[in-house]
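Worksheet: the structure to be examined is printed underneath.
The values are calculated or read from the model by the stated rules, or taken from the named source; none is laboratory data. Remember, predicted model here, so these are calculated numbers, not experimental data. As a convention, Cβ positions derive from the backbone with ideal geometry for all residues, glycine included, and neighbour counts pool all protein chains shown.
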């Protein structure tokens, strides 16, 4: 137990998962969810009910190497024993990779200062038996330079109405991308973006638009015009969830003031 009996301790988790067979992060009435499996496994390990709160709601099929989450308990946890014990209960497509104590009243959503996502295009003739669950395969050659130019034009604080889902719950579409760039990694073209929070499907719609530019179906300059036009019908398709990974969530040294409109609403 905690050093002071009854003291509530806020913990932060780092979680990795293959999102292929989940109905997303958030608990649903039906179907497997990452949050649901974590609630069950941690509650089983601690022998008391625990609710895990994630940094944001990833959609069905979206993966994570560094999803962040938090929970509270009056147990003084040993990280090694906790991680080993809970991972033995969790299904094989989820793993807890880190456990740290956080400040009192830690809020995994509100206190996040940066979220990093990557969308991976596999650009070669053959599909990949090993990577197929984590990339969007495109066999025709894509114009990397045009995609890179288009991606960079999104950096900064903008109204991303053109790149949000119709049912996005956010109060407004103003978001800031600290990083928006393409990277070439062998036979993969990777779109990397970093920001405090994202709109529903924002990264996937940007990825779908980048594909159209890479195919030569629109010039790189159109990305900025689509952004400024705020018209979803001018942007590309919503890219498949399987290519998207939440890479990491970063926190400062204490609580962060943020309005609900800034929360990450999933991708």
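Quick look at the numbers
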| read-out | value |
| --- | --- |
| Residue 44 in a loop (DSSP other than H, G, I, E, B), in contact with a helix residue (DSSP H, G or I) (Cβ under 8 Å, 6 or more places away or on another chain) and in contact (Cβ under 8 Å) with a residue 12 or more places away in the chain | no |
| Residue among 19, 56 that is farther than 15 Å from residue 249 by Cα and under 14 Å from the mean Cα position of the chain (by Cα) | 19 |
| Where a residue in region 137-156 is closer than 15 Å to residue 178 by Cα and its partner, wherever it lies, is buried (at least 17 other Cβ atoms within 10 Å of the Cβ) and at pLDDT below 95, with Cβ under 6 Å and at least six apart | none |
| Count of region 189-198 residues which are in contact with a strand residue (DSSP E or B) (Cβ under 6 Å, 6 or more places away or on another chain) and either crowded, with 19+ Cβ neighbours inside 10 Å or part of a helix (DSSP H, G or I) (or both) | 5 |
| Some residue of region 111-119 being closer than 27 Å to residue 21 by Cα, in contact with a helix residue (DSSP H, G or I) (Cβ under 7 Å, 6 or more places away or on another chain), at pLDDT 95 or above and not assigned by TED's automatic domain parsing to the domain that holds residue 207 | no |
| Selected residue (criterion: surrounded by the most Cβ atoms within 10 Å (Cβ to Cβ)) from residues of region 47-86 that are touching a helix residue (DSSP H, G or I) at 6+ places or on another chain (Cβ under 8 Å), more than 21 Å from residue 111 (Cα to Cα) and free of Cβ contacts under 8 Å to residues at least 60 places away in the same chain | 86 |
| Some residue of region 71-82 being in a loop (DSSP other than H, G, I, E, B) and under 13 Å from residue 14 (Cβ atoms) | no |
| Qualifying residue in region 174-187 (condition: buried (at least 21 other Cβ atoms within 10 Å of the Cβ), in a loop (DSSP other than H, G, I, E, B) and modelled with pLDDT of 95 or more) | no |
| Count of region 19-32 residues which are surrounded by fewer than 19 Cβ atoms within 10 Å (Cβ to Cβ), on the phi < 0 side of the Ramachandran plot and out of contact with any helix residue (DSSP H, G or I) (no Cβ under 6 Å at 6 or more places or on another chain) | 7 |
| From the options 157, 124, 164, 133, residue that is assigned by TED's automatic domain parsing to the domain that holds residue 195 and under 17 Å from residue 247 (Cβ atoms) | 133 |
| Of residues in region 11-25 being assigned to a loop (DSSP other than H, G, I, E, B) and in contact (Cβ under 8 Å) with a residue 60 or more places away in the chain, the one farthest from residue 136 (Cα to Cα) | 25 |
| Qualifying residue in region 211-233 (condition: surrounded by 21 or more Cβ atoms within 10 Å (Cβ to Cβ), within 26 Å of residue 109 (Cβ to Cβ) and out of contact with any strand residue (DSSP E or B) (no Cβ under 7 Å at 6 or more places or on another chain)) | no |
| Residue 170 surrounded by 15 or more Cβ atoms within 10 Å (Cβ to Cβ) and more than 20 Å from residue 60 (Cβ to Cβ) | no |
